[in-house]
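A short write-up of the structure that comes next.
The values are calculated or read from the model by the stated rules, or taken from the named source; none is laboratory data. Source: prediction; values computed, not measured. Please note: Cβ atoms are built from the backbone with ideal geometry, for glycine as well, and neighbour counts cover all protein chains shown.
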Amino acid sequence: MELLKQKIVHEGIVLNNNVLKVDSFLNHQIDPKLMLEIGKYFAELYREAGITKILTIESSGIAPAVFTALQLDVTVVFARKRKSLTLQTDLYTETVHSFTKKETNEVSVSQKFLNSNDRILIIDDFLANGDAALAMARIVEQAQATVAGIGIVIEKTFQPGFSRLKELGYRVDSLARIASLENGQVYFAPNLP
Ligand code: G4P
Ligand code: NA
Ligand code: NA
């Protein structure tokens, strides 16, 4: 997606060989015009996929998920990293180990918001090692619902997330694919056919 690539080139900050900071439009500030285009792009990819709901994870997945959901006329549910005060039971829960942050967290979704008839589009901001996306996919499978696909805003192709998801048979669509962050520079990977 060209607009996204331009944003990454102009505003992204390469923190080190593994991490791209995109606080100005995705992880802290949010650029709504960019989000609208992201939503349209994912919606076109999944227009015929019979999506009934979008699943994401708080916090940075929520914006792209909501803009996509608006285009597909479906609801968004986001996996919570902390259990809500009002709801402690009837949760689907999975463990996510964050390689970036070196911590392990539980993520949960209320059982009442997923059912076995759902065809779920999973959306997230980054795909690195794939642990967050895998945890969401396992939650969908706990609910005996179907993972129709996984939509990623920024994939780092030099980390194993994409391969892990493909090996499990999931459809994965990334809007920008970064092949390397070496020498303080963003190198994009070619788009997949
Ligand atoms: P994984 O899910 O693919 O295995 O990734 P990992 O555990 O490494 O990611 C942990 C957090 O770091 C996630 O955000 C993820 O979106 C984010 N992340 C991973 N790689 C990058 C990167 O290169 N740049 C930026 N900016 N973020 C990255 P989170 O902790 O869930 O936070 P948030 O959603 O509240 O922002
Ligand atoms: Na994030
Ligand atoms: Na995220």
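Residues are listed down the side, and each one gets a yes or a no for (1) within 19 Å of residue 57 (Cβ to Cβ); (2) touching a residue at least 24 places away in the same chain (Cβ under 8 Å); (3) buried (at least 19 other Cβ atoms within 10 Å of the Cβ); (4) away from ligand 1 (no atom under 13 Å from the Cβ):
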{"residue": "100", "(1), (2), (3), (4)": "yes, yes, no, no"}
{"residue": "117", "(1), (2), (3), (4)": "no, yes, no, yes"}
{"residue": "123", "(1), (2), (3), (4)": "yes, yes, yes, no"}
{"residue": "140", "(1), (2), (3), (4)": "yes, yes, yes, yes"}
{"residue": "147", "(1), (2), (3), (4)": "yes, yes, yes, yes"}
{"residue": "150", "(1), (2), (3), (4)": "yes, yes, yes, no"}
{"residue": "164", "(1), (2), (3), (4)": "yes, yes, no, no"}
{"residue": "174", "(1), (2), (3), (4)": "yes, yes, yes, no"}
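Comparison of 65, 43 shows that the only residue that is outside any loop (DSSP other than H, G, I, E, B), free of Cβ contacts under 8 Å to residues at least 60 places away in the same chain, away from ligand 2 (no atom under 16 Å from the Cβ) and touching a Ser or Thr at 6+ places or on another chain (Cβ under 9 Å) is 43.
Filtering 54, 38 for residues that are within 16 Å of ligand 3 (Cβ to nearest atom), crowded, with 18+ Cβ neighbours inside 10 Å, more than 30 Å from residue 183 (Cβ to Cβ) and touching a residue at least 24 places away in the same chain (Cβ under 8 Å) leaves a single hit, 54. Of all residues in the stretch 128-137, none are over 14 Å from the mean Cα position of the chain (by Cα), surrounded by 13 or more Cβ atoms within 10 Å (Cβ to Cβ) and modelled with pLDDT of 95 or more. For the stretch 61-79, the tally of residues that are surrounded by fewer than 20 Cβ atoms within 10 Å (Cβ to Cβ) and among the hydroxyl-bearing types (Ser, Thr, Tyr) stands at 1. With respect to (1) of a type outside the set (Asp, Glu); (2) outside any strand (DSSP E or B); (3) within 16 Å of ligand 1 (Cβ to nearest atom); (4) crowded, with 16+ Cβ neighbours inside 10 Å, the lone exception for residue 82 is condition (4).
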